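Taking it in order: structure first as structure tokens, then the write-up.
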Amino acid sequence: MATKTKKKEKEKAKAKSKAKKNGQITLNARTADRHVLYEEAVQCVEADLDFFSKVFKKTRGYAPHTLREDFCGTASLACEWVARHEENRAWGVDLDRPTLDWGIKHHLSRLGDDQDRVTLIEGDVLASPSPAVQVTAALNFSYQVFKDRKTLLAYFKNAYSGLADDGMFFLDAFGGTESMEENDEDRRISPATRPDGSRLPAYTYIWEQASFNPIDHNIVCHIHFKFKDGSKLKKAFTYDWRLWTLPELQELILEAGFSRADVYMEGWDDDEDEADGIFKKKTRAENMAGWVGYVVGIK
Ligand SMILES: C[S@@+](CC[C@H](N)C(=O)[O-])C[C@H]1O[C@@H](n2cnc3c(N)ncnc32)[C@H](O)[C@@H]1O
């Protein structure tokens, strides 16, 4: 029995060293870091920042240099903002200390001395002042944690008063006929090679809409991850939200004091049969099974 176990351990170590040589890292439910998996599968901070800069420049005629990331989590967006330009400064606000600490270890530390230009605030976005900024972002639908009109309006008013005179507020939103159903969506994630040559093996990201209540639009969603060895990281993240609609968001943004609330919808690539990653300002859109958009409040 003891020899059998030893042999197995030897084979395991051999496979691990072979994978390491190929620049691959062993990945399963036991070894995975849920923040790494989330960032790779869900976030594209480069595309978000490109979009903010493009819309800001088009509206104001110059580039913004200050950004506040509400519900910042690991502050990946705030750090990428600072890395982009030596004049850029960022503030990130989140309630969760362990998640902020993960961001300090994995993102701020990589900035070297430039991390002085990122300030992380552990607190509620409803009551955490920071210096006036030109761009405030609340992404991955996080504001949907506010389930009643009064609280969401209070948040939007807070965002408004935290902006400089030329400031803009960027939210993302999702919807469509399938957003009001209980369903699962699987996506295979093939991570890119990192600067140190290592690469995370492919894994599956699962977005589960576990429940939707048509009376109050309460929606509960989970993110699960599935690995090549068959293991699963179930409910790596859970969101208990109200699914706000675009007209509600636009009305509340205007009520909070913004002069305009513009909607940008993502286009569809018919050849690839998938969303094309290009967001255009629209006042009419096709009623699709699923869509993603940005709502932009202009001060
Ligand atoms: C969906 S994650 C967003 C992470 C990242 N910003 C992104 O775009 O993917 C939501 C984050 O919001 C934080 N959060 C929830 N309610 C909050 C509140 N009232 N104030 C500040 N942070 C909050 C949670 O701790 C969590 O890190």
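No lab work stands behind these numbers, since they all come straight from the coordinates. Computed from a predicted structure; not experimentally measured. All Cβ positions, even for glycine, are placed from backbone atoms using ideal geometry, and neighbour counts span all protein chains on display.
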Report the longest stretch of the chain that contains none of the GluC sites (Glu not before Pro) sitting in a DSSP loop with at most 16 other Cβ atoms within 10 Å.
88-180
Compute the FRET efficiency between LEU126 and ASP216 as 1/(1 + (r/R0)^6), taking r as their Cβ-Cβ distance and R0 = 22 Å, and round to the nearest 0.05.
0.60
Build a GNM of the chain with springs between Cα atoms under 10 Å: which of THR193, THR238, THR66 gets the top mean-square fluctuation?
THR193
Could you size up the charge dipole of segment 182-241 around its Cα centre, putting +1 on the beta carbon of Lys and Arg and -1 on that of Asp and Glu, and report it in debye to the nearest 20?
460
Pair SER109, THR59: separation of 7 Å Cα→Cβ label points (nm)
3.7
May I ask you to compute the full-extension gain from TYR239 to ALA202, defined as 0.36 nm times their residue separation minus their alpha-carbon distance, rounded to one decimal in nm?
10.9 nm
Dimensionless Rg/Rh of segment 182-241, both radii on Cα and Rh by Kirkwood, sits at 1.13
Of ALA289, ALA210, ALA236, which is the most mobile in a GNM of the chain whose springs link Cα atoms less than 10 angstrom apart?
ALA289
Here the FRET efficiency for ASP273 versus VAL145, based on Cβ atoms and R0 = 30 Å and rounded to 0.05, is 0.40
Crossing angle, helix 149-161 versus the chain [Cα axis fit, 0-90 degrees, rounded to tens]:
80
For the chain, with a Gaussian network of springs between Cα atoms less than 10 Å apart, report the residue from ASP124, ASP166, ASP276 with the top mean-square fluctuation.
ASP276
